[in-house]
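To start, the structure itself, in structure tokens.
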Amino acid sequence: MEERLNELKEEVLAKIQEASNTKALNDVRVAYLGRKGPITDLLKGMGKLPPEERPKMGALVNVIRESVTEVLEARMAKLEEEAINAQLEKESIDVTLPGRPIKTGNHHPLTRVVEEIEDFFLSMGYEIAEGPEVEKDYYNFEALNLPKGHPARDMQDSFYISEEILLRTHTSPVQARTMEVKKGEPIKVICPGKVYRRDSDDATHSHQFTQIEGLVVGENIRMSDLKGTLSLFAKEMFGNDREIRLRPSFFPFTEPSVEMDISCFKCGGDGCNVCKKTGWIEILGAGMVHPNVLEMAGYDSSVMTGFAFGMGPERIAMLKYGVEDIRHFYTNDVRFISQFHRTEA
């Protein structure tokens, strides 16, 4: 038996050295040291030996088993190291190569303009108020001095969900809701958001667009406050040398009402294609809040007054960036959007 053990030892050691990879080496381990291997069989056959030989042969089997296991583990470690080195050599990376640039997103030009407008009015102490885009007829029209059947409603034809529910045509309903919540308290808010009108899409019209309206209500609010605010806004958006002019207009929810123009930033007022040779560019509408609107919201119009204004960020963006078609803002054409990368709004 001792001779057989030595033969097995030499045989398994030779097999270990012949193994060229970890899989082959593991097969050797299972074949010789596994539950069905010859060394295990010899251990199971120890009961057939004379009692006086069992301790000696048992010790010899354990020595051979431990010796083989030690050589096998050393060989396994070497083969694993060789495999890792071969893989590293095969998959070598030149760390001196420049990295691949990561494409980053960019602010949409409308987002830039809206955020710039918001930042300006926030710096003046205004708050941002928001409201539902699916609105009640009452807040969209009636609370703004536009009762059912009023002819001015025709200017804001919208998408109706029912007779009393529609997609809002302006962000003025947010003003009405804000006044209702404040219940006679002073207000200083701007209301940005999407609005909807049943317009035919062309270069200057869209069935969906963005609007920002402002509302200030308090004691002794005058037309001069409105003019001063709008003058500062024009200089902030289009340059310190801009002048404004206010032209009489009509809006059912303000009285008096005005349209605000700015001196052309391209020609300086001399006349060009941007201002259509007039020297002025129409920017927004505004006016003093109509007493009826204040009274419907719970304000005493003999004590509290206010002004409101509304503008379209699309128009301002078109002027600032020289965009000739409003539809470019909504088509998600990367070629268009990428032009505004690194452009300061």
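Results, tabulated for the structure shown:
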item	result
Some residue of the range 257-270 being of a type outside the set (Val, Ile, Thr), outside any helix (DSSP H, G or I), modelled with pLDDT of 90 or more and open to solvent by 20 Å² or more (accessible area, probe 1.4 Å)	yes
Tabulated pairs, the range 328-345, first open to solvent by 70 Å² or more (accessible area, probe 1.4 Å), second at pLDDT 80 or above, C-beta under 8 angstrom, 6+ apart or interchain	330/206; 330/208
Filter result for the condition that a residue is of a type in the set (D, E, K, R) and in a loop (DSSP other than H, G, I, E, B), over 295, 324	324
Selected residue [under 23 Å from residue 125 (Cα atoms) and charged (D, E, K, R)] from 295, 255, 213, 282	213
Any hit, the range 211-228, residues being of a type in the set (Asp, Glu), in contact (Cβ under 8 Å) with a residue 12 or more places away in the chain and assigned to a strand (DSSP E or B)	yes
Subset of the range 271-293 (residues that are among the hydrophobic types (A, V, I, L, M, F, W, C), closer than 12 Å to residue 253 by Cα and surrounded by fewer than 23 Cβ atoms within 10 Å (Cβ to Cβ))	288
Long-range neighbours under 6 Å by Cβ, at least six apart or interchain, first residue open to solvent by 40 Å² or more (accessible area, probe 1.4 Å) and among the basic types (Lys, Arg) within the range 25-50, second in a helix (DSSP H, G or I) and modelled with pLDDT of 70 or more	29/72
Criterion violated by residue 236 - all others in (1) in contact (Cβ under 8 Å) with a residue 60 or more places away in the chain; (2) surrounded by 22 or more Cβ atoms within 10 Å (Cβ to Cβ) satisfied	(2)
Condition broken by residue 313, with the remaining ones in (1) open to solvent by 20 Å² or more (accessible area, probe 1.4 Å); (2) farther than 19 Å from residue 180 by Cβ satisfied	(1)
The listed residue being assigned by the TED database to the domain that holds residue 300, of a type outside the set (A, V, I, L, M) and assigned to a strand (DSSP E or B), out of 242, 247	247
Enumerated strands (runs of 3 or more DSSP E) restricted to the range 129-203, each holding at least 3 residues that are open to solvent by less than 60 Å² (accessible area, probe 1.4 Å), closer than 27 Å to residue 218 by Cβ and outside the structural domain of residue 251 (by the TED database)	none
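The rows are residues; the columns are (1) assigned by the TED database to the domain that holds residue 9; (2) surrounded by fewer than 10 Cβ atoms within 10 Å (Cβ to Cβ); (3) assigned to a helix (DSSP H, G or I); (4) not acidic (Asp, Glu).
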| residue | (1), (2), (3), (4) |
| --- | --- |
| 72 | yes, no, yes, yes |
| 84 | yes, no, yes, yes |
| 87 | yes, no, yes, yes |
| 97 | no, yes, no, yes |
| 100 | no, yes, no, yes |
| 103 | no, yes, no, yes |
| 118 | no, no, yes, no |
| 122 | no, no, yes, yes |
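The values are calculated or read from the model by the stated rules, or taken from the named source; none is laboratory data. Treat the numbers as computed from the prediction; the structure is a model and nothing was measured. Neighbour counts are summed over all protein chains in view; Cβ atoms, including those assigned to glycine, are modelled from backbone coordinates with ideal geometry. Areas reflect the complete protein model, heavy atoms only, side chains present, ligands, DNA and RNA absent. Shrake-Rupley method; radii C 1.70, N 1.55, O 1.52, S 1.80 Å.
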